[in-house]
Every structure is written in structure tokens, then in C-alpha cells.
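Working notes for the structure below.
The values are calculated or read from the model by the stated rules, or taken from the named source; none is laboratory data. Just so it is clear, the structure is predicted and the values come from calculations on it, not from any experiment. No Cβ is skipped: glycine too gets one built from the backbone with ideal geometry, and neighbour counts run over all protein chains shown. We work out accessible area using only protein heavy atoms, side chains counted, and drop any ligands, DNA or RNA first. Shrake-Rupley method; radii C 1.70, N 1.55, O 1.52, S 1.80 Å.
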Amino acid sequence: MTQDPLLYVLDLAASFMLAAAASCRARSGGAHFSGAAVLACLAGLSAPLLRESLLGHPVLALNRGDYLAVSVVGSLIGVVVARSRHSWKAFYWLDSLGLSLVAGVAAVAGFFSGLGVTGCLVLGVLSALAGGVVRDVALGDSARFVEEDLYATAAALGAMLALAALMYGGAAPWQSALAGCGLVLVLRGLRLRRGDMGPI
């Protein structure tokens, strides 16, 4: 991971969003509070753990307690959000934010770790999908990257834009990650606007 402090903040925000989405989904489905919290922490930690493991630093995320801390806070927020009338929409956007942030951050991190464009894209997509896969498998849901259009594809396009902004646009690492994040959110918003998103 590059030493850009703002990119690190975005990485923590991604773990927070994924954790909040997981606990929101779990509690909406009737899971016990403690189970939802554990699942949220697993989902929040999965993206940085997978990314750093693929980059050859498997213990980096484990040695930083702030990833676990933001995941715990995210799990509490998700539990509260699950009580709202529109918890399905909150889940959708929490999940989309986590997906988008991870895709952009991982692609940029891969670039600064010496990966080529293909490696950065693969790293970005795999890392972005990790949290959702952990959540969906644990809850017995169909994996969203299989069932939904503009999920894995959106993550891939976001990673591409982040790399383009970094390599050709002269943007700072955190700006590049945010550019990719913005594209993913636009694509996810278009899907929601089509009206094919039902309750979780």
C-alpha cells in the first residue's frame, strides 16, 4: 500500500462500509446481533487481507488494529440501519460504497507495488468482491457478483478508471481511487434507477 495517508483513509472507509452492509443484511434477515457483528468484521477485513496477501504482505492488515476498529464501528451502524423502513436501500448503497472504494484503492495499491495493468485490474476486482462473497456465502445468499449486472463489471470499470487517472491523468493516488469509486457508484445508481432492485 502506498504511503498516501488519504488513500489509507479511503481504505479504512471501505472496510467500514463493507462491515456496515454485512451487519445490515444479516440483521434484516433475522440474524442475532453477535452473529451479525462477527460477520461484519469478517466482511470488513476480507478486502484488505486478500489484497495484502496477494501483494505479499499477508500480516499487514492483521497488525493494524484500525481495520478491525472501523469494522466493529461499521457493524454497529449496520445494526441500527437495519431497523429502518428502507434498510434494503441502505444496504444497497453501503455495499456499493464498499465495492467502489475497494476497487479503486486496490488498483492504485497494485500499481505502486509494481504490478502491470492486468495485475492491477485483477487485484482490484478480486479485492472488491471479497467482502460481498464472504457475506453472501455466510448468509446463504446467491453471490451478488453472479446474480447482479453492474456489480463485478462496475468494479472492473472503476479499477480501470482509477488506473487511467493515475497513469495518464496525473492525479494523486487518492484522487485516482475516488475517480474509480465515483464511476462504480454512478453505474450502481443506474441499476437502482432501472427499478430492478427489490428488498433484501
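Annotations for the structure displayed:
- FRET efficiency, 1/(1 + (r/R0)^6) with R0 41 Å, evaluated for Val59 and Leu192 via beta carbons: 0.60
- A 1.4 Å probe run over the protein chains yields, for the chain, 43 Å² of accessible area per residue, whole-number rounding.
- Shape call, segment 43-200: gyration tensor on alpha carbons, a/c limit 1.5: oblate
- A simple charge model with +1 on the Cβ of Lys and Arg, -1 on the Cβ of Asp and Glu and nothing else charged puts the dipole of the chain at about 500 debye relative to its Cα centre.
- Dipole orientation for segment 1-154: of the candidates Cys120, Ala47, Ala37, Ala37 has the Cα lying most toward the positive pole (charges on Cβ; Lys, Arg +1; Asp, Glu -1).
- Angle between the chain longest axis and helix 5-28 axis [Cα atoms, degrees, rounded to 10]: 20
- Contact order for segment 102-200, expressed relative to its length and based on alpha carbon pairs under 8 Å spaced 6+ residues apart, stands at 31 percent.
- Each Cα pair under 8 Å and six or more residues apart adds its sequence gap; the mean of these over the residue count of the chain is a relative contact order of 26 percent.
- As a fraction of the 1.4 Å probe accessible area of the chain, surface on carbon and sulfur atoms comes out at 67 percent.
- Every Cα-Cα pair in segment 132-200 was counted, and those over 14 Å apart are 64% of them.
- With the gyration tensor restricted to C-alpha atoms of segment 110-157, the semi-axes of the equivalent ellipsoid amount to 24, 12, 5 Å, longest first.
- Cα gyration tensor shape for segment 24-91, rounded if a/c is under 1.5, else prolate or oblate: prolate
- Calculated Rg and Dmax of segment 63-122 using C-alpha coordinates, Å: 15.4, 46
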